[in-house]
Amino acid sequence: MTDAESTVPASAVPEASATPAKPEVRSTAKRRRGRAGWIVAVVFAVFYAFDIFEALSNLVGVLQAYSDAGVALPTPALLTIIGQIAAPVVVFVLALWGTRRARSGSAVLVFLVGFAVVAVITLDLQSVFRSLVGF
Amino acid sequence: MKRGPDDDALSWGDESDPTYVAPDLADDDPADDDLTEVDRADVGHDSAEPADDATGAGEQPIEDATSVGVEPVKQDAAGSPRWASGAAPTAEVVEANRVAVSDAKVRQADAAEDAAVEDELADAEEASAQLSSAALITFGVVGGVFFLYTIGWLVAFIRNPLHPGGFAEVWQDVQGVAAIAAPALWFLVTLLLAARRRVAVRLIWLLVGIVVVVPWPFILGV
């Protein structure tokens with residue numbers, strides 16, 4: 001809305017120009033996640049689920065290897081793998097909460113950054129795991 | 001102490017009182033009007049009868065019997081026509097008034113919200129207009145740190161090559177690429193989505209990103 005429009009008294013604003021202002025106000029205050037927003041959330045949920053599947057496969061593989069070798073897995077190393085499983089869940093919930101009133105385009109960007117952050121955390125924990133177990 | 005007539009809230013004045021209004025013009029009670037009209041009609045049939053007997057002591061006497069047949073135009077003290085009792089607001093008028101009042105309230109609320117949004121936008125524009133060279137240099141330094149992070153993730157990705165054989169390895173590579181893009185994504189999306197926020201808010205989110213996307217595989221050398 002321009003400055004010229006803002007200086008016009010409310011009583012002088014014609015009905016035709018006053019009506020389109022309502023969605024603009026609602027867009028900042030009371031917008032909720034629409035159908036497109038939920039589609040974005042579900043699509044990214046699949047990618048985040050792949051991250052969880054990746055971490056679970058790592059956990060199963062590592063536990064199997066340690067049991068075959070007859071060696072107990074150190075607890076800090078186990079916690080790093082559990083962290084890889086929990087990270088996608090936590091980041092997805094935070095992104096879902098953070099985009100509850102955002103437009104679909106903004107939600108896409110936030111979920112994309114969240115996906116990259118999950119990858120960062122996963123690779124960080126994998127590097128910590130390798131430094132803990134020595135390989 | 002003796003109370004004078006001026007102390008009374010309601011006083012009975014006469015023609016000598018400057019605030020005196022003739023009862024015929026000041027009377028608002030429709031029941032009395034009806035009674036008066038009937039009485040006048042009676043007077044019209046018998047014009048010889050004194051008017052004071054028919055209209056009471058407070059009424060003006062009717063001078064001419066020929067004026068009784070014409071419906072008198074009632075006027076108040078201001079000279080405008082009085083409302084007839086049949087002109088009381090109907091249900092449609094009341095509903096229209098209610099709708100008009102509610103529309104006016106909604107329009108007023110919208111105007112207030114518009115004003116609030118305008119103020120917020122003006123604050124944001126003022127904040128962005130005051131993007132000093134110090135803030136610009138700070139953003140540049142933070143962007144440089146994110147760029148170094150990107151190089152760190154790229155080196156870590158090259159250090160640990162994978163040979164895709166299954167879904168897990170493919171997804172590991174996807175995560176490696178996502179980690180390389182993470183610093184740039186955080187920097188750009190923060191500046192994009194927080195463009196209308198204050199410089200301090202943008203800076204806080206960028207500092208959070210500097211902590212989150214640290215390339216630990218590069219730092220640990222594994």
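The values are calculated or read from the model by the stated rules, or taken from the named source; none is laboratory data. This structure is a prediction, so every number in the text was calculated from the model and none was measured. Because the Cβ atoms are built from the backbone with ideal geometry, glycine has one as well, and the counts that use them run over all protein chains shown. Accessible surface is based on the protein model in full, side chains and every heavy atom, while ligands, DNA and RNA are left aside. Shrake-Rupley method; radii C 1.70, N 1.55, O 1.52, S 1.80 Å.
Can you give the accessible area of residue B:16, probe radius 1.4 Å, in Å² rounded to 10?
100 Å²
What is the mean number of Cβ atoms from other protein chains located within 10 Å of the Cβ atom of each residue in peptide B:184-193, rounded to a whole number?
Values: counts 1, 7, 4, 1, 2, 7, 2, 0, 3, 9.
If you average over the peptide's residues, the count of other-chain Cβ atoms is 4.
Residues of the stretch A:30-52 with amide nitrogen under 12 Å from the 7 Å Cα-to-Cβ point of residue B:167?
Residues passing the 12 Å test: A:47, A:49-52.
Looking only at other chains, what is the average number of their beta-carbon atoms within 10 angstrom of each beta-carbon in B:100-112?
On the way: counts 0, 0, 0, 1, 2, 0, 2, 7, 2, 2, 8, 8, 2.
Neighbouring Cβ atoms belonging to other protein chains average 3 per residue here.
Rank these residues by their accessible area, most exposed first, probe 1.4 Å: B:212, A:89, B:142. Numbers along the way, then the final one.
Values: B:212 45, A:89 75, B:142 10 Å².
Ranked list, largest accessible area first: A:89, B:212, B:142.
To the nearest 0.05, how large is the calculated FRET efficiency for residue B:112 and residue B:195 if R₀ is 22 Å and r is the Cβ-Cβ distance?
Working: r = 26 Å, r/R0 = 1.17.
Computed FRET efficiency for residue B:112 and residue B:195 comes out at 0.30.
Please compute the average number of Cβ atoms from other chains found within 10 Å of each residue's Cβ in peptide A:42-54. Could the numbers behind the result be given before it?
Values: counts 0, 0, 0, 0, 0, 3, 0, 0, 6, 4, 0, 3, 8.
Average neighbour count from other chains, rounded to a whole number: 2.
Mind checking the dipole of the stretch A:32-133: about its Cα centre, +1 per Lys or Arg Cβ, -1 per Asp or Glu Cβ, Debye to the nearest 20?
Values: 7 positive and 4 negative charges, 160 e Å.
Rounded to the nearest 20 debye, it is 760 debye.
At a threshold of 8 angstrom on Cα-Cα distance, excluding pairs fewer than six apart, so keeping six or more, what relative contact order does the stretch A:32-133 reach in percent? Before the final figure, lay out the partial values.
Numbers: 85 pairs, mean separation 43.1, N = 102.
Reported relative contact order: 42 percent.
Please calculate the 1.4 Å probe accessible area of residue B:137, with all protein chains present, and give it to the nearest 10 Å².
Rounded to the nearest 10, the figure is 110 Å².
Going by a ≥ b ≥ c, the root eigenvalues of the Cα gyration tensor, does the stretch A:32-133 fall in the rounded group (a/c under 1.5), the prolate group (a/b larger than b/c) or the oblate group? The partial results should precede the final answer.
Working: a/c = 3.78, a/b = 2.79, b/c = 1.35.
Taking the square roots of the gyration eigenvalues as a ≥ b ≥ c, the stretch A:32-133 is prolate.
For residue B:184 and residue B:159, what is the calculated FRET efficiency with R₀ set at 22 Å and r taken between the beta-carbons, to the nearest 0.05? Mind dumping the intermediate values first?
Details: r = 20 Å, r/R0 = 0.91.
For residue B:184 and residue B:159, the calculated efficiency is 0.65.
Using label points projected 7 Å from each Cα along Cα→Cβ, tell me how many nm separate residue B:93 and residue A:100, to one decimal.
That separation, rounded to one decimal, is 4.9 nm.
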